[in-house]
Each structure stands twice: as C-alpha cells, then as structure tokens.
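Below: one structure, written as structure tokens.
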Amino acid sequence: MASIKDDYLNYLSKFGPQEKRSMFGGTGVFINSAMFAIVTPTSMYIRGGDALDDKLTAVGCEKFRHIKKSKTATVNYYEIKNLFLTNQELCNQFVEESIAFSCRDKHFKSSESNRRLRDLPNMRLTLERMVKKAGVLDVDTFFNVGAVNVFRRVCEHNGQELDHKLLWIFAGAIHGGHWQLLSEDHKQQLLDEYRQQTL
C-alpha cells in the first residue's frame, strides 16, 4: 500500500525527470540538479523565491522548519499539502514556478562569470576570505579540491583543528544545499575521511 509520502513523490514526478536525495529527515527532489522540493513522511514543501514567496504566503503556506536537537532551521521551502488537497490547479502552477526559479538560480550560481565563493550555499564573505587565505582562490578550485581537503587546508593555515561544522558547511556548499540538509551518515563519512588524512 502506497504511503502519503509516495503519493506526494508520484505527484511531483509528473513535472519531469528527477533525482532524489535524503535530506532534512525527508527526501530532497531535484530537476536538472536544482532542488525544488522536500517531501517528508507526512507533507511536501516547494522552494520559494522572488514573487513566489508572497504568493505562497498569501494562500497560507508556512515555511519548512527542521527541528534538530535543540536547534530549529527555517529554510525557504513552503508547505503545499493543503493546497494540493484543495486546489490542485494552483498547486501545479506554484510547483512549475518553483522549478523554473530553482533551475534559473542554479544556472546563475553555476555560470562561470557569476560564481564567487561567497555566493555558494552556506558561504559568506568571512568564510570566502578564510578559504582564500588557505590557498583555495576560486569556486572551481574549491569544487576540485573537495570539502575535506579545503577543511584540512584551512585548519593547517590556522594552526589548529577548527569546528567540524565548517567541514559540513563546505560540503553543503559543494552539494548545493544547506549544511543541515546533510545526513548524519554523510557528515560522519566526511569526518572519517578527514581523520584518515590527518593521522
């Protein structure tokens, strides 16, 4: 018997070929490597952006909150479960707008002329400076070197091992999502790889 989550995934599948990854205790749904939806066992959410934020808020869609231990992360994804049940035509329209925005945003951020380290997910100016001081000067190098090696270089440059959250921030930047979307297994794998290199 199909679960509610399966129903949501089947609904989203009609919008085009998709990839799926475990994220936020649910499933991240991607089209052309751009994530546009999160499906949990009980609901589904689509990514907002530009004018779509106001449209989703106007019909009562609330933002996704991921509660993890004592912290709550709010990301720019809106619950569309009720809209799906009451107005599928409008729901379809919003999903299509979300996909279009997500793909545009992904393309913009991945285009050579616009890519800066600070523009990657999780990154900001202070982290960009930190990474550059460690010898990773641009996005292409950052991607080629990989999260574990970037973290190792930054630690070496600072003369001490830094908070492991930084490793996960770098990994999220490379994977194109918030670092809290990384599964615990993935984070442990990155940490194990780092420790093997520093034995």
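The values are calculated or read from the model by the stated rules, or taken from the named source; none is laboratory data. None of the values given here were measured: they were computed from a predicted structure. Methodologically, a virtual Cβ is constructed for each residue, glycine included, from the backbone with ideal geometry; neighbour enumeration extends over all protein chains shown. Calculation scope for accessible area: heavy atoms of the full protein, side chains included, ligands and nucleic acids excluded. Shrake-Rupley method; radii C 1.70, N 1.55, O 1.52, S 1.80 Å.
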Write down Rg/Rh for the stretch 117-197, rounded to two decimals, with Rg from the C-alpha atoms and Rh from the Kirkwood relation over Cα pairs. 0.92
Output the 0 to 90 degree angle, nearest 10, between the alpha-carbon long axis of helix 147-158 and the longest principal axis computed from the alpha carbons of the chain. 40 degrees
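Using the Cα centre as the reference, give the magnitude of the dipole from point charges on the C-beta atoms of the stretch 57-199 (Lys, Arg: +1; Asp, Glu: -1; all else neutral), rounded to the nearest 20 debye.
Details: 21 positive and 18 negative charges, 105 e Å.
With Lys and Arg at +1 and Asp and Glu at -1, about 500 debye.
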Length gained, Leu162-Ala100, 0.36 nm per residue minus C-alpha separation, equals 18.5 nm
For the stretch 80-134, would you read off the P(r) tail past 14 Å as a percentage of all alpha carbon pairs? 67 percent
At a 10 angstrom cut-off on C-beta neighbours, averaged per residue, how do the peptides 158-170, 39-51 rank from highest to lowest? 39-51, 158-170
Per-residue ellipticity at 222 nm attributable to helices in the chain (runs of n ≥ 4 DSSP H, -39500 (n - 2.57) apiece, nearest 500 deg cm²/dmol) works out to -15500 deg cm²/dmol
No solvent, one uniform scatterer per C-alpha: report log10 I(q)/I(0) for the stretch 4-111 via the Debye equation at q = 0.22 1/Å, two decimals. -1.29
Give the separation of the Cα centroids, the stretch 89-154 to the stretch 1-32, in Å. 23 Å
How much length would be gained if the chain were fully extended between Glu19 and Arg153, taking 0.36 nm per residue of separation minus their Cα-Cα distance, in nm to one decimal? 45.0 nm
Taking 0.36 nm per residue of sequence separation and subtracting the Cα-Cα distance, how much length would be gained by fully extending the chain between Lys132 and Ser3, in nm to one decimal? 41.7 nm
Counting only protein heavy atoms and using a 1.4 Å probe, what share of the accessible area of the chain belongs to carbon plus sulfur, as a whole percent? 48 percent
If you average 1/r over every pair of different alpha-carbon atoms in the chain and take one over that average, what Kirkwood value in Å do you get? 18.1 Å
